[in-house]
Amino acid sequence: MDQFIELFKHLINPHWIIDHGGLYLLLLIIFAETGLFVGFFLPGDSLLFVAGIYGGLLSESFFNVPFFFIMVMIAIAGVLGNFVGFWFGRKSGPLLFNRKDTFFFKQKHLYQAKEFYEKYGGGAIFLARFLPIIRTFAPIVAGIVQMERKRFMFFNIVSSFCWVFSMMLAGHYLDKFFPSLKEHLELIVIILIIITTLPVLIKLVFGKAKHPHPTHTDVNK
């Protein structure tokens with residue numbers, strides 16, 4: 001149990017991920033965090049920001065490819081993660097609304113993503129990419145409500161590249177302008193996590209997700 005807790009601490013630490021897992025673990029985490037409901041707790045924004053700071057090391061560790069290519073690979077991982085979530089939603093989505101809560105699955109997150117999708121429509125796929133937890137469940141909900149596949153993939157691809165490039169380039173150029181940035185990395189990551197999760201925290205504290213008993217019509221309209 002202690003080993004599991006220790007691993008969990010490492011998996012939510014962007015700096016540890018970059019140092020010990022490199023590009024391969026980064027790709028896996030982005031894939032899981034953007035479409036697999038078991039990955040909602042993983043760092044996304046902060047991991048990409050730190051990856052931008054250490055972009056040079058990531059490039060060196062992967063055949064010295066250009067930093068741009070590293071960002072493209074990570075963006076593709078985000079696209080694939082969302083697509084898997086979308087496919088999962090189409091195949092087994094209705095069953096999720098009756099699934100009991102577990103450590104890795106909270107039904108309230110699913111309902112919050114559903115409300116978010118109903119409010120913003122197709123654009124929810126783009127907006128959700130920048131919101132922790134919501135981005136994990138949004139593609140699953142899109143699959144549940146039978147969103148058109150081509151429409152989903154358009155928002156999926158555009159949002160993934162915008163999300164990855166904006167976060168990584170922010171870390172990359174801020175590090176160039178402020179070389180001492182690495183010395184305050186933990187503080188920066190904490191601030192970034194607070195900023196990106198604040199909308200979700202406000203929703204959890206001040207807003208209650210509706211939990212109606214879905215009918216066959218509801219999940220397929």
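The values are calculated or read from the model by the stated rules, or taken from the named source; none is laboratory data. Just so we're clear, the structure is a prediction, and the values are computed from it rather than from any experiment. Cβ coordinates were reconstructed from backbone atoms using ideal geometry, including for glycine residues, and neighbour counts include every protein chain displayed. Ligands, DNA and RNA are excluded from the accessible area calculation, which covers all protein heavy atoms including side chains. Shrake-Rupley method; radii C 1.70, N 1.55, O 1.52, S 1.80 Å.
Write out the chymotrypsin sites (Phe, Trp or Tyr not before Pro) in segment 127-182 meeting two conditions: DSSP loop, and at most 14 other Cβ atoms within 10 Å of their Cβ.
Values: sites: PHE130, PHE137, PHE152, PHE154, PHE155, PHE161, TRP163, PHE165, TYR173, PHE177; in loops: PHE130.
Qualifying residues, ordered by number: none.
Could you order ASP45, ASP101 by accessible surface area, starting with the largest, using a probe radius of 1.4 Å?
Final ranking, largest accessible area leading: ASP101, ASP45.
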Q: Figure the gain on full extension for LEU95 and SER61 (residue separation times 0.36 nm, minus the Cα-Cα span) and round it to one decimal in nm.
A: 8.0 nm
Q. Gap in Å between the Cα centre of segment 107-181 and the Cα centre of segment 35-71?
A. 16 Å
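Hey, can you find the accessible area per residue of segment 23-180 for me, probe 1.4 Å, expressed in square angstrom?
On the way: 6810 Å² over 158 residues.
Roughly 43 Å² per residue, with all protein chains present.
Any of LYS100/LYS150; LYS119/LYS150; LYS108/LYS150 with alpha carbons more than 24 Å apart? Name them for me.
Working: LYS100/LYS150 32 Å; LYS119/LYS150 20 Å; LYS108/LYS150 28 Å.
Over 24 Å Cα-Cα: LYS100/LYS150; LYS108/LYS150.
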Q.
In Å, what Kirkwood hydrodynamic radius results for segment 7-166 from the alpha-carbon pair distances?
A. 15.7 Å
Q: Express in Å², to the nearest 10, the accessible area of ARG149 obtained by rolling a 1.4 Å probe over the protein heavy atoms while all chains stay in place.
A: 130 Å²
